[in-house]
Structures are given as C-alpha cells and as structure tokens.
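Take a look at the structure set out below.
The values are calculated or read from the model by the stated rules, or taken from the named source; none is laboratory data. In this text, all values refer to a predicted model and were calculated from it rather than measured experimentally. Neighbour counts are summed over all protein chains in view; Cβ atoms, including those assigned to glycine, are modelled from backbone coordinates with ideal geometry. Please note that ligands, DNA and RNA were not included when accessible areas were found on the heavy atoms of the full protein model with its side chains. Shrake-Rupley method; radii C 1.70, N 1.55, O 1.52, S 1.80 Å.
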Amino acid sequence: MKVICTSPSFAKYDDQPIRDLQAQGFELIALPADAPLSALAPHLPETVAMIVAFTEINEALLALAPQLKIVCKHGVGVDNIDLNATQAREIFVTNVPDANKHAVADFAFALILNAARQVTTAATETRAGNWPRIFATDVYGKTLGIIGLGNIGKQVALRASGFAMRVIAFDFYPDEKFAAEHNIEFVTLDELTGQSDFITLHTPLTDETRNLFNAARLRRMKKTAFLINVSRGGVVSETDLCQALLDNVIAGAAADVFDHEPLTEHPLFSLPNFIPTSHIAGYTDGAISAIGERCVQQIIQCIKQQQRPPNVMNAL
C-alpha cells in the first residue's frame, strides 16, 4: 500500500510520522512539491493515500489512482483539491485546521509589528551602512480588524489583547460566544474596513472571498491603515493593492501568500511599504510535526481501521 507525499515539510523535524506509516505496512513515496503528473503516474495505481501541500488533485490525477481512498492536506486550505471530483469517487479529503494556528497567528502579529514599526526597512538601511531615523506608528491601543474569526483569527485576537487593542471582526459564520468572552465586536465588512488601523485576513479562498479586497474596498480603508494577508493570495487583488500602495491610499501592507507561487518577481516587491514573505507563516518545528502526525493518523484511521477520518472536507 503506497502513500505518496509531496509536502516538502512532512516529517522534517521528526521522523515519527514515517515510522508510524511503516509500522502499519505502508510504503511512503516522497516526491518533490512540484512533481508533475508524469512523476506521480508510475505510483498512482497502487496508491491508497496522498499527503499533499500544493499538488493539484484533479480529474487527470484521480483517473490514474483507482485505489486512492484519502487525500490529506498537509495544512489547512484545500483550494488545490477538486472536492467535486474526489466526492464523486468517494475519496475522503481531510485537512489539519488547528495544528498550525499558533504559528500562523504569531506570524500574522509579527507582520503587524513589522509593518507598523518598519523593522525590515530599518534593518536593510542599517545593514547598508546608513543610520535611519524612522518615525513609525503605534500598535498598542489601536483597532485591529480580523476577517475570519476561526482557529487562527481567534489566536490573533488573543494576542491583540496584550497590546490593549480594540478588536473587531467579520465572519460569515460568527462565533458569538467566543466574541463575547473576549470583548470582540462583530461588525459589517464595511464597518471593519473603515474603522480598523490594522486588518488581518484569515479566510479561505471561495467565490465569496476572491478579490474581497479590491480597489473599491481598499479605498474604504483609512489612509493610515495596514493590510496583512496570511490566508490566500486570491483574497486580495494584487494589481489593485499595488496601485493603492503607489497612490498612498493605505499606509502599507504585508503578504505571506500570492496568487501564483512560488513567486520570484512582482511589482509589489519594489514598493517600500510592502512586506512580502514566502508562504512560511505555518512553518515552525512544532506546527510541522503536529501536522504530519495528524495526517498519518487520518490515513491509518481511514485505511487500516476503516473509519471516517476527522476533518473531512467533503461529505460522502
């Protein structure tokens, strides 16, 4: 029984997930994250499970994998997996929605602090031999707008409390109990956009959220506000964001995610008020180890114990 893994971070810090698979009689086939279908094809006829990061799970791949029973996303977002196609073949699709929530929340708050205090600019200028006097802005006591108050958004809100921030939120499925317990106010999307000093995005990419932040919405933001995106690239129109930053419509932005990845060049990269990172928000030793172990347990539960695994993304 083969398990194909195309996540480069699987078992990176601890080989326990690999040993767990082998102990259950599985053969792990590790392939590069960008492995084409032609590289996967020789293994697919005998593959019962896949652990993927960004591999496209589509009709062409599934047609070559008659024994495939489960696809585990080594992370949260499943926009690279055709859920209709997997459902039609009665293939489970799972993710790990909360294993990296602390890592991503930490990173989101790091970007908030970096954008406000211009840490990257100061470090670059100082390293170049200059001694910049950068007058930045406060985070303490400001208003934080969180779009998507789920596992990660909630953790960002908890961190904001340490900075005495007013936290407002928008969510399509609001958790009123959590908000009430932590002094968070749910508002409309327009209210959040206009009132926030910092907006951080933690929402999946869907038809509702694609280009959620376009030119019109960016113009609704305060000129002194910052936009932080650690969710999915398509939630923000990169073209509109670039123009907004050039025109000083908003003060700045940071993004760990982009429409097309990996990305080696982009007009945004040349802007001093934009901070790009390489989709690394969830990459910590603790988070990666937890995600790998969860994926393996989902596979064992599905294949060996013949039970429905947790966090199934499509109902069969």
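Taking the criterion of being of a type in the set (Phe, Trp, Tyr) and under 24 Å from residue 105 (Cβ atoms), would at least one residue in the range 262-273 satisfy it? No.
Looking at 258, 274, 226, which one is among the aromatic types (Phe, Trp, Tyr) and crowded, with 22+ Cβ neighbours inside 10 Å? None of the others qualify; the one that does is 226.
The residue of the range 171-187 that is nearest to residue 205 (Cα to Cα), among those that are surrounded by 14 or more Cβ atoms within 10 Å (Cβ to Cβ) and of a type in the set (A, V, I, L, M), is 187. Taking each residue of the range 125-154 that is more than 19 Å from residue 107 (Cβ to Cβ) and looking for partners that are open to solvent by 60 Å² or more (accessible area, probe 1.4 Å) and polar (S, T, N, Q) with beta-carbon atoms closer than 6 Å, six or more apart or interchain, yields 134/118; 136/118; 143/195. Candidates are the residues of the range 82-108 that are of a type in the set (A, V, I, L, M, F, W, C) and assigned to a loop (DSSP other than H, G, I, E, B); the one that is farthest from residue 161 (Cα to Cα) is 91. Scanning the range 286-302 turns up no residue that is assigned to a loop (DSSP other than H, G, I, E, B) and open to solvent by 30 Å² or more (accessible area, probe 1.4 Å). Selection of the range 28-56 for residues being in contact with a His (Cβ under 9 Å, 6 or more places away or on another chain) and assigned to a strand (DSSP E or B) yields 29, 51, 52. Within the range 223-237, no residue satisfies the criterion of being assigned to a helix (DSSP H, G or I) and either under 16 Å from residue 109 (Cβ atoms) or touching a Pro at 6+ places or on another chain (Cβ under 8 Å) (or both). Filtering the range 64-80 to residues that are touching a helix residue (DSSP H, G or I) at 6+ places or on another chain (Cβ under 9 Å) and part of a loop (DSSP other than H, G, I, E, B) leaves 64, 65, 66, 67, 68, 69, 74, 75, 76, 79. Close contacts from the range 257-286, counting a first residue that is without any contact (Cβ under 8 Å) to a residue 24 or more places away in the chain and a second that is surrounded by fewer than 15 Cβ atoms within 10 Å (Cβ to Cβ) and not in a loop (DSSP other than H, G, I, E, B), with Cβ to Cβ under 9 Å and a gap of 6+ residues or different chains, come to 263/269; 276/269. Does the range 20-33 include one or more residues that are under 21 Å from residue 89 (Cβ atoms), more than 24 Å from the chain's Cα centre (by Cα) and open to solvent by less than 70 Å² (accessible area, probe 1.4 Å)? Taking every residue of the range 20-33 in turn, at least one turns out to be under 21 Å from residue 89 (Cβ atoms), more than 24 Å from the chain's Cα centre (by Cα) and open to solvent by less than 70 Å² (accessible area, probe 1.4 Å).
Residue count for the range 259-310, restricted to those that are out of contact with any Pro (no Cβ under 6 Å at 6 or more places or on another chain) and under 30 Å from residue 1 (Cβ atoms): 22.
For the range 40-52, filtered to residues that are surrounded by 13 or more Cβ atoms within 10 Å (Cβ to Cβ) and free of Cβ contacts under 8 Å to residues at least 40 places away in the same chain, the residue that is nearest to the chain's Cα centre (by Cα) is 40.
Residues in the range 1-19 that are over 17 Å from residue 43 (Cα atoms) and touching a strand residue (DSSP E or B) at 6+ places or on another chain (Cβ under 8 Å) were compared, and the one that is surrounded by the fewest Cβ atoms within 10 Å (Cβ to Cβ) is 18. Of all residues in the range 155-168, none satisfies the criterion of being farther than 13 Å from residue 179 by Cα and either open to solvent by 70 Å² or more (accessible area, probe 1.4 Å) or in contact (Cβ under 8 Å) with a residue 60 or more places away in the chain (or both).
Residue-level analysis places residue 178 among those that are hydrophobic (A, V, I, L, M, F, W, C), in contact (Cβ under 8 Å) with a residue 12 or more places away in the chain and over 28 Å from residue 117 (Cα atoms).
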